[in-house]
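Have a look at the structure below, then the notes.
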Amino acid sequence: MSKIKCQCGHENPFGTVLCERCGRPQTEEAKKSETVDMRYEGSARRSQTYKRTIVDKVWNFFSSVKIGISIILAVLITSALGTLFPQKLYVPAGTDAEYAAYYEHLYGVVGKLYYNLGFYDMYNSWWFTILVGMLGTSIIIASIDRVIPLYKSLKKQRTKRHPSFMKRQRIYGIGEVSNPDESFKKAEEKLKELKYNVKIEDGAILAEKNRFSRWGPYINHVGLITFLFGILLRGIPGFYVDETMWLREGDTLAIPGAPGYYIENKEFILENYSNEDNVVFETALDRVGTIAKNYQTDVSLYKNPEDALPGQSDNLEFVKDESIIVNHPLKFDGYNIFQMDYRLDELKAMKFQLTEKATNESLGEFTVDLISPEDEYDLGNGSKVLLRDYYPDYGGIEDGELISKSPIPNNPAFIFKLITPNTPEGEMSFVAIKQTLETEENDYKVNFLSAETRDISGLTIRKDRTLYVLLLGGIIFMIGVSMGSYWNHRRIWVQKSANNEMLLASHTNKNWYYLKKEMNIVKEYAELPTYNDREDTESVLENQEGDFK
């Protein structure tokens, strides 16, 4: 687009409201207005100028403050939804099926929907990442759209401005003085005394201080962008790990989020307070019964050899033995494994006996591993037991079918087929804890003999290489907040005019009270004309006296 040429000869970018050189209004709206908007010094902003191409439309979309606020609200709402129910990190499960069963069992249809929509892992979901990315894009584009024109305008501003610029400031005054040269000199002296940066050009003064405060909001944005960048880095493998695992005693499993590393649960230890410990909460002990004093997991850490194939775990190298205690994690290669939870006495295996009802004679014993049961158990002498179906967490009958509430063996139930020399066709028997059902009268039955239990440790694996990025973003953000909160950009213009007249104008981005207080000090000392504040209840301010400290 063509440039706009001002009467002073300066060529301004298309869309400029005030001439970058002399300050003359360049639009009809600005010429008719009593005061001008000085937020961006009347400079041309890309979003207000170019609207033709798809790039322009995308730019204008993300540069809009309304769109930015809408994205922030969307992030806040979705973040709040993620707090309705426990996130994946705090759920005692390890597989997708276990997570689904957990939410549906505890929260019903709403919990199932919560899981299906991905709210259970809200902050790692792809669409939440897109929302954060859109927020970052909005902040970047909105900042560039405003800060570059503002920087250029402040850098190019001249000391002497056209009278039309002066009279369109919120604070403006004009009047005759007895000795313009003396007033001009005194004004310069007092402004320097008030710590203003004073420039003089052809009978004009531009006094300015705290310009750096104008960059406070944009430094805020830099801090936010840095912070959001740190959040997005968490989605890149190797930068951030926050996983959970349930490790049963005696098991060796791959550590989620730490490729090539394995951990073995040697033993879980739980110590409770007792009355002999002379603790101060004996009343609580009497009421609750047991309070954990310490719980820990003794583990062994292994890793794959350097030449091992992916997934190979038959030739692990020992790294070290360690006790994972609450607040004392296992540390290795930038990872920390914390002791977070535990389960006591989970059923591991159940031992049964096949007997003849009439004589109570035993035909043999067999043990069912509740984690990975076998399909067939040979008792010898032509007798065997076939496992036709297995329900780890028997939950009754639903819609005419037997169901299991979860894959965890909390309440195991079995459907056995009993085969003996006398019943080669087999007899069906449903066996659960304290319950045995038969489709017809059987000659043989399965008796429960004993159970083997073991403890389970709940561990959390964490690794965070983004922490320093987030910290840097927070520091930059607070610097921007301080710059914008405790300082404000103030400018005072004093110019000589014809017939012993002097023009007086000023502007600040906030805190007009202290600007006017400084104006009064300069006005009284230099005997300058009285000024008007066009947004004050009193159109003309009387001379005020007082010391400014």
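The values are calculated or read from the model by the stated rules, or taken from the named source; none is laboratory data. All values reported here derive from a predicted model rather than from experimental measurement. Backbone-built Cβ (ideal geometry, glycine too); neighbour counts: all protein chains shown. These accessible areas exclude ligands, DNA and RNA; they are computed on the full protein's heavy atoms, side chains included. Shrake-Rupley method; radii C 1.70, N 1.55, O 1.52, S 1.80 Å.
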**Study point:** Backbone HN-Hα couplings from phi across the stretch 462-472 [Karplus 6.51/-1.76/1.60, Hz, Gly and Pro as x]
**Key:** 9, 8, 9, 8, 9, 4, 6, 5, 5, 5, 4
Check your understanding: Which FRET efficiency value, to the nearest 0.05, do you get for residue 55 and residue 514 by plugging their Cβ-Cβ distance into 1/(1 + (r/R0)^6) with R0 = 30 Å?
Key -> 0.10
Revision key, fill the gap. In degrees rounded to 10, the 0-90 angle between helix 96-116 Cα long axis and the longest Cα principal axis of the chain is 60 degrees
Exercise for review: Determine the sum of side-chain charges near residue 96: Lys and Arg each +1, Asp and Glu each -1, restricted to other residues whose C-beta is under 15 angstrom from that of residue 96.
Suggested key: -2
Practice item. Indicate the gyration tensor shape class of the stretch 294-381 (rounded, prolate or oblate), computed on the Cα atoms with a ≥ b ≥ c the square roots of the eigenvalues: a/c under 1.5 is rounded; otherwise a/b larger than b/c is prolate and the rest oblate. Key: oblate
Check your understanding: Measuring with a 1.4 Å probe in the full set of protein chains, what accessible area per residue, in whole Å², belongs to the stretch 390-549?
Key -> 54 Å²
**Study point:** Surrounding net charge for residue 345, when Lys and Arg each add one and Asp and Glu each subtract one, Cβ distance under 14 Å
**Key:** 0
Practice item. For the stretch 165-209, just say rounded, prolate or oblate: build the C-alpha gyration tensor, square-root its eigenvalues into a ≥ b ≥ c, call rounded for a/c under 1.5, and beyond that prolate if a/b exceeds b/c, oblate if not. Key: oblate
Point to revise | Rounded, prolate or oblate (a/c below 1.5 giving rounded, otherwise prolate when a/b exceeds b/c) for the stretch 354-447 by Cα gyration tensor | key: prolate
Practice item. With a 1.4 Å probe and every protein chain left in place, work out the accessible area per residue of the stretch 170-258 in Å², rounded to a whole number. Key: 48 Å²
Check your understanding: Counting each DSSP H run of 4 or more residues in the chain as -39500 (n - 2.57), what helix-only mean residue ellipticity at 222 nm follows after dividing by all residues, to the nearest 500 deg cm²/dmol?
Key -> -9500 deg cm²/dmol
Revision key, fill the gap. Per the stretch 154-247, sqrt(5λ) over the Cα gyration tensor eigenvalues, sorted largest first, in Å, gives 55, 14, 11
Exercise for review: Can you tell me the relative contact order of the stretch 35-117? Whole percent, Cα pairs under 8 Å, sequence separation 6 or more.
Suggested key: 11 percent
Check your understanding: By how many degrees, between 0 and 90 and to the nearest 10, does the Cα long axis of helix 180-193 differ from the longest principal axis of the chain?
Key -> 30 degrees
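What's the carbon and sulfur percent of the chain's accessible surface, probe 1.4 angstrom, rounded to a whole number?
Exposed carbon and sulfur together represent 52 percent of the surface.
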Exercise for review: Show which aspartates and glutamates lie in cross-link reach of residue 5 when reach means a straight Cα distance below 15 angstrom and same-chain residues fewer than eight apart are skipped.
Suggested key: 20, 28
Review point. Expressed as a rounded percentage, what relative contact order does the chain have, with Cα pairs under 8 Å and six or more residues apart?
Key: 18 percent
Study note, to complete from the structure: Long-range amide H partners of residue 379, meaning residues 5 or more apart or on another chain whose placed amide H is closer than 5 Å, are 384, 385
**Study point:** Tilt relative to the chain, helix 54-63 - C-alpha long axis, 0 to 90 degrees, to 10
**Key:** 90 degrees
Check your understanding: Of 32/195; 192/510; 266/331, which sit over 29 Å apart, Cα to Cα?
Key -> 32/195
